[in-house]
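Chemist: One structure, pasted below without further comment.
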Amino acid sequence: MTSRFDPKDHLIVALDFPDARQALDLVDSLGDACQWFKVGLELYFAAGNRLIEDLRNRGFDVFLDLKLHDIPNTVASAVRTATAAGASLLTIHACGGAAMMTAAAQAATAPGSPRLLAVTVLTSMDSVELAGIGIPDTPAVQALRLAKLAHSCGIDGMVCSPEEVATLRSELGQDALLVIPGIRPAGAALNDQKRVATPESAMAAGASMLVVGRPITRAASPIRAARAILDEITAGAPTT
């Protein structure tokens, strides 16, 4: 028997705010329309683990997007701290290398640990940006290289752009968790994202979860925007 598809399991709302009050106001405005929320660097520096605990106490799941990139021991310690705070997902940078990712994966075997996601190539980067840091390959080639490395180190899934999701799904299999930022409903502004897709097309390509920020958080009615995106997720979900 297959479990019932619930689009709320596949949408992560990015709480890109400078303080906890604004973030929680947005959470309250969404009611029960959303289950997952992303806490990134800006908000984490302002509110810390207390906000994660607050969201968990309200019954929500937290994607802690810190993109950890340091020596193996430091990253492993940070994974254990995130476990204590109650995060369900946590990002590390795949470009930190095999030793760092292996140490993180080992630290995440403790009970209650978050699932780890390796960031491959930021969705704000294109081939020109990569060339500027000495990488001559396209984002797609670099993302696949890093994803394979992360997968071999025991990392649960990847953060990648919509342009890479189909290839990574094919290469890594159905069990890999593929979390996709750069999601814009049809007609929405691109802002600083360069490699984007609609919710429906990203799900159809093999995405596991979609990260959406400004199209919801800056909408005139965030709850209406969220529900419209949930409908697009359902439309793009593979049928069984």
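Chemist: Looking at the range 111-141, which of its residues are within 14 Å of Asp156 (Cα to Cα) and either free of Cβ contacts under 8 Å to residues at least 40 places away in the same chain or loosely packed, with under 14 Cβ neighbours inside 10 Å (or both)?
Modeler: Ser113
Chemist: Among the residues of the range 18-50, write down those that are open to solvent by less than 30 Å² (accessible area, probe 1.4 Å) and under 18 Å from the mean Cα position of the chain (by Cα).
Modeler: Answer for the range 18-50, where residues must be open to solvent by less than 30 Å² (accessible area, probe 1.4 Å) and under 18 Å from the mean Cα position of the chain (by Cα): Ala23, Val27, Cys34, Phe37, Lys38, Val39, Gly40, Leu43.
Chemist: Which of the residues spanning the range 147-158 are open to solvent by 40 Å² or more (accessible area, probe 1.4 Å) and either of a type in the set (Val, Ile, Thr) or part of a helix (DSSP H, G or I) (or both)?
Modeler: Lys148, Leu149, His151, Ser152, listed by residue number.
Chemist: Going by the structure shown, is Phe5 out of contact with any Asp or Glu (no Cβ under 8 Å at 6 or more places or on another chain), open to solvent by 40 Å² or more (accessible area, probe 1.4 Å), closer than 22 Å to Leu177 by Cα and of a type in the set (Phe, Trp, Tyr)?
Modeler: Yes: the conditions hold for Phe5.
Chemist: Further question: Considering each residue of the range 1-28, count those that are farther than 22 Å from Thr234 by Cα and among the small types (Gly, Ala, Ser), and give that number.
Modeler: Residues flagged as farther than 22 Å from Thr234 by Cα and among the small types (Gly, Ala, Ser) within the range 1-28 amount to 2.
Chemist: Pick from Leu177, Leu144: which is surrounded by 15 or more Cβ atoms within 10 Å (Cβ to Cβ) and in contact with a helix residue (DSSP H, G or I) (Cβ under 8 Å, 6 or more places away or on another chain)?
Modeler: After ruling out the rest, the residue left standing is Leu144.
Chemist: Report yes if some residue within the range 105-114 is of a type outside the set (Asp, Glu), touching a Gly at 6+ places or on another chain (Cβ under 8 Å) and assigned to a helix (DSSP H, G or I); otherwise report no.
Modeler: Within the range 105-114 (the criterion being of a type outside the set (Asp, Glu), touching a Gly at 6+ places or on another chain (Cβ under 8 Å) and assigned to a helix (DSSP H, G or I)), the answer is yes, since at least one residue qualifies.
Chemist: Quick one: Val179 ticks every box in (1) touching a Phe, Trp or Tyr at 6+ places or on another chain (Cβ under 9 Å); (2) farther than 20 Å from His69 by Cβ bar one, so which box is it?
Modeler: Condition (2) is where Val179 drops out.
The values are calculated or read from the model by the stated rules, or taken from the named source; none is laboratory data. Nothing here was measured: the structure is a model prediction, and the numbers come from that model. Glycine gets a Cβ as well: all are built from the backbone with ideal geometry, and neighbour counts include every protein chain shown. Ligands, DNA and RNA are stripped out before the accessible areas are found, and what is left, the full protein with its side chains, is counted by its heavy atoms. Shrake-Rupley method; radii C 1.70, N 1.55, O 1.52, S 1.80 Å.
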